[in-house]
Structure formats: C-alpha cells, structure tokens
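The values are calculated or read from the model by the stated rules, or taken from the named source; none is laboratory data. This is a predicted model, so every value here is computed, not measured. Don't worry about glycine lacking a Cβ; one is built from the backbone with ideal geometry, like all the others, and counts go over all protein chains shown. To get the accessible areas, we keep the full protein, side chains included, count just its heavy atoms, and leave off ligands, DNA and RNA. Shrake-Rupley method; radii C 1.70, N 1.55, O 1.52, S 1.80 Å.
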Amino acid sequence: MTVSAAAAPPMAVRELRGLLTNYRRTWRGSIISSVLGPLMSLVALGMSLGKIVDAGPGARSFGTVDGKPVSYLLFLAPALMANAAMQTAIGESTYPVLSSMKWQRTFHASIASPLGSFDVFLGRLLFIGLRVLMNCAIFLVVMALFGAVRAAGPGGLGAVLSLPAAVLTGLAFAAPVVAWAVTQDRDTGFSVVFRFVMIPLFLFSGTFFPVSQLPVGIRPLAYATPLWHGVDLCRGLALGTATAGAVLLHLAYLFAVIGASLWYGRRTFRRRLNF
C-alpha cells in the first residue's frame, strides 16, 4: 500500500464529500426552513399555547424539577427538537434517495468509481446526520433565545447533551428509511410514510403530553416507537431528570435500530447497485 493510499479517507467519506460539494450550492434554501421551523413552533405552541396550558388544571401533569412544576415550554421544547430530527431525517431519506437512484442516477456514478454499494449507503447516512445536526443545533439556539433551556444535568450541560441524542434519534429514522427508499421505483410509498408514520408519531409519541395520558391499550405502541425513546431521552437530559438506566435503555434501543438498519441497507443497496 502506498503512502497516499494509506492516508486516503474511507470510501464512505468520499461519498459524503461529494454530497457536501453539491449542498454548498443549495444550503441557503434549506437554512430558511431550518430557522423558521423552530421559531414558529416555539412561538405558536411553546409560548402561546403554553401560557394557556400553564394556567389550566393540568399544569402539574408535566413533572417537577427541584420541587417546582415544569412549564409547558420546558416540557415541549426538547421534544420538538427530537421531532425536528425525525422530520429532517425522513425528508432527506426519501425523495433525495429516489432521485439519486432513478432520476439523476448519481448512485450509479458513485458505484462506477472505487466506491462500493455499502460506501454509498454510509456516505448518505453521514450526510443526513450532518443535516440533522445542523437543524437541531439551530433549534437549540432558538430554544435558548426563548428561555427554553435551563442549566440541568451533568455540569449544567443537559440541554447540550440533548443535541447528540437528537442526532441519534434522526439516524434511527434515516437508516431504515434510506435502506427502504433505495428499493422504490415510484414515490407513492413516500406519502404513506409521511401521512401514516411520521404524523401519528409526531402526535402520539409523548411530544405534547405524557404517554401515560394515552389509553392503556395504546401506550405499549407509543413506548415501542423510536421517536418516544428520542423524545424521552432529549427531554430527560434537557431537564436533568434522566436516570442512568433510562439513558442506557434509550441508547440501546436507538443503536439497535440503527444496527439492524445497516444490515438491511447493506442488502438493499447491494441488490440495487451491484448488477
């Protein structure tokens, strides 16, 4: 092996570099929605609706910190960040993947180089992870501007620790969706994902109210979803209420989903790209 070959980055990083080169021309368009999303949701739900909720009889149903009830804004904000991670991940894992596979055929261009099909898959996941990180970092800054961040957790950095938790949540959605999207020849299945997977998860995974308030028969379904694990992990870290056992449980679940999806994606990408 030559020195230059030994110093060469992994192949998946080369795929990532190609995607970032293209993103340099389009990032200005995405940054607007990245800022407006958290801004509008925190104003409409956290500030406006939050005042009504905090004045109502259910104000103490969101838990307590240091003996004081948690305001609805503090309860809601980290959960919305986890939701933003999910929505960014699914959005980047559907149409862009189909476009790269069928319309622009950039996957075929990549596979014509020394990159393998799994490199293409991993490179796409790395890019989506960076997009999720960017959006969630902006979300965290907006949360701080609205007073939705409190010094809690280890060293008072609980809110900062919720950022990698949100990225992990996004990857738990991106990995299976990318692995599945590459098998699609039409985009009709994506609307099913948006309407019957993403929206129900958004509404019933503990974002707006504790899952314990759902009917008893539905709670196990909510607890089994990746979004509930992401929401509970981000919220627990941000508020400083997470226990070591809960953190380990959530991390184990999210890493298990990602690991299984990597295995599935290796098979689907190899089947579609290795003729």
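Results for (1) in contact with a Pro (Cβ under 6 Å, 6 or more places away or on another chain); (2) on the phi > 0 side of the Ramachandran plot; (3) open to solvent by 50 Å² or more (accessible area, probe 1.4 Å), shown as yes or no for each residue.
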residue	(1), (2), (3)
143	no, no, no
149	no, no, yes
154	no, no, yes
176	no, no, no
180	no, no, yes
223	no, no, yes
229	no, no, no
236	no, no, no
240	no, yes, no
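Within the bounds of the stretch 71-90, is there any residue that is open to solvent by less than 60 Å² (accessible area, probe 1.4 Å), at pLDDT below 80 and either hydrophobic (A, V, I, L, M, F, W, C) or not in a helix (DSSP H, G or I) (or both)? Spell out the reasoning first.
Looking only at the stretch 71-90, we keep the residues that are open to solvent by less than 60 Å² (accessible area, probe 1.4 Å), and these are 71-86, 88-90.
Applying the additional criterion that residues be at pLDDT below 80 yields none.
Checked against the condition, which is being open to solvent by less than 60 Å² (accessible area, probe 1.4 Å), at pLDDT below 80 and either hydrophobic (A, V, I, L, M, F, W, C) or not in a helix (DSSP H, G or I) (or both), the stretch 71-90 yields no hits at all.
Under the condition of being open to solvent by 40 Å² or more (accessible area, probe 1.4 Å), assigned to a helix (DSSP H, G or I) and more than 15 Å from residue 77 (Cβ to Cβ), the residues counted in the stretch 26-64 number 12. Residues in the stretch 199-220 that are open to solvent by 30 Å² or more (accessible area, probe 1.4 Å) and either part of a loop (DSSP other than H, G, I, E, B) or touching a residue at least 12 places away in the same chain (Cβ under 8 Å) (or both): 202, 204, 208, 209, 213, 215, 216, 217, 218. The residues of the stretch 180-196 that are in contact (Cβ under 8 Å) with a residue 40 or more places away in the chain and under 21 Å from residue 270 (Cβ atoms), listed by number, are 180, 181, 182, 183, 184, 185. If you scan the stretch 221-236, which residues turn out to be under 16 Å from the mean Cα position of the chain (by Cα) and either assigned to a helix (DSSP H, G or I) or closer than 17 Å to residue 62 by Cα (or both)? Residues satisfying the conditions are 226, 227, 228, 229, 230, 231, 232, 233, 234, 235.
Residue 273 - would you say it is within 30 Å of residue 65 (Cα to Cα) and touching a residue at least 60 places away in the same chain (Cβ under 8 Å)? Spell out the reasoning first.
Details: within 30 Å of residue 65 (Cα to Cα): no; touching a residue at least 60 places away in the same chain (Cβ under 8 Å): yes.
So residue 273 fails the test.
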